[in-house]
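Inspection log for the structure reproduced underneath, given as structure tokens.
The values are calculated or read from the model by the stated rules, or taken from the named source; none is laboratory data. Values in this document were obtained by computation on a predicted structure and should not be read as measured data. Cβ atoms come from the backbone with ideal geometry, glycine included; neighbour counts cover every protein chain shown. Note: areas computed on protein heavy atoms with side chains; ligands, DNA, RNA excluded. Shrake-Rupley method; radii C 1.70, N 1.55, O 1.52, S 1.80 Å.
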Amino acid sequence: YFTKFNLRVLVASVMSKIQKDFLMESISDLKGWSVEKQRKFLETVELQIALKNYDPARDKRFSGTVKLRHIPKSNFRVCIIGDEKHLDEAKSIGLECKSVDDLKKLNKNKKLVKKLAKSYDAFIASDGLIKQIPRILGPGLNKAGKFPSSLSHTEAMADKVETVKRTIKFQMKKVLCLSVAVGHVKMEDDELLANIMLAVNFLVSLLKKNWQNVRSLNIKSTMGKPIRIY
């Protein structure tokens, strides 16, 4: 996880390319449009990235995760796949959970496993069960990009869930465009600013030529229009 950067260094790095005042103004505009035409759901704020000087077929495809300062999605759903002790702990703190027997009832049915994957944003599994999951469910969770994070009995479950909720993933696929959720329209402007800065800085650190591989950066609410910030 990208957590050891000194915040002042991070700000200097990103703000040398993106002016803070301009970014704050862009965030204000984005939230203003959302207020003008309110939806019946909470709009997510996405960071949209277009790359250049990158060949997905030849260059190494990057992948990395970073823990943001603030949880980007308010309705983020986590499911615990646990042993008996973890199931009890999950129930005691109000988390949704499933046992190995619950997973076995799906009988590797692709439609049912796909439905399970769609029902949650992320999964966390007891470390003693991780290796059993592909054997019980098949490759469905992995294909959906939701293979469980591991949880040991020495870790606090609530802290692990908090970390998973704050973590976003950048993954280069076959196209030169990608997007990640960095917040929602009800967040404070400075919270969105902090998340966007951290996300951009981490993305740039993954790229072979850093900023030279960035064609453009936009922020966009779910139903709003994109606002170019770089």
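Key figures
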read-out: Selection from region 184-211 of residues that are closer than 21 Å to PHE41 by Cβ, assigned to a loop (DSSP other than H, G, I, E, B) and open to solvent by 30 Å² or more (accessible area, probe 1.4 Å); value: LYS186, GLU188
read-out: ILE130 being of a type outside the set (D, E, K, R), more than 14 Å from GLU96 (Cα to Cα) and touching a Ser or Thr at 6+ places or on another chain (Cβ under 7 Å); value: yes
read-out: Top-ranked residue of region 7-41 - restricted to ones that are of a type in the set (S, T, N, Q) and closer than 21 Å to PHE170 by Cβ, ranked as modelled with the highest pLDDT; value: SER26
read-out: Wholly enclosed strands (runs of 3 or more DSSP E) of region 51-170 bearing at least 1 residues more than 30 Å from TYR230 (Cβ to Cβ) and in contact (Cβ under 8 Å) with a residue 60 or more places away in the chain; value: 78-81, 149-151
read-out: Selection status of LYS225, at pLDDT below 90 and farther than 22 Å from GLU89 by Cα; value: no
read-out: Residue satisfying condition, being more than 23 Å from MET172 (Cα to Cα) and exposed (fewer than 14 other Cβ atoms within 10 Å of the Cβ), within set LYS98, LYS60, LYS104, LYS108; value: LYS104
read-out: Number of positions in region 21-32 that are surrounded by fewer than 16 Cβ atoms within 10 Å (Cβ to Cβ) and touching a residue at least 60 places away in the same chain (Cβ under 8 Å); value: 4
read-out: Qualifying residue in region 127-141 (condition: touching a helix residue (DSSP H, G or I) at 6+ places or on another chain (Cβ under 9 Å), farther than 19 Å from GLU162 by Cβ and among the polar types (S, T, N, Q)); value: yes
read-out: Residue within region 72-80 that is open to solvent by 80 Å² or more (accessible area, probe 1.4 Å) and either within 30 Å of ALA57 (Cβ to Cβ) or more than 15 Å from the chain's Cα centre (by Cα) (or both) present; value: no
read-out: Test: residue in region 149-157 that is modelled with pLDDT under 95, surrounded by fewer than 20 Cβ atoms within 10 Å (Cβ to Cβ) and closer than 28 Å to GLY32 by Cα; value: no
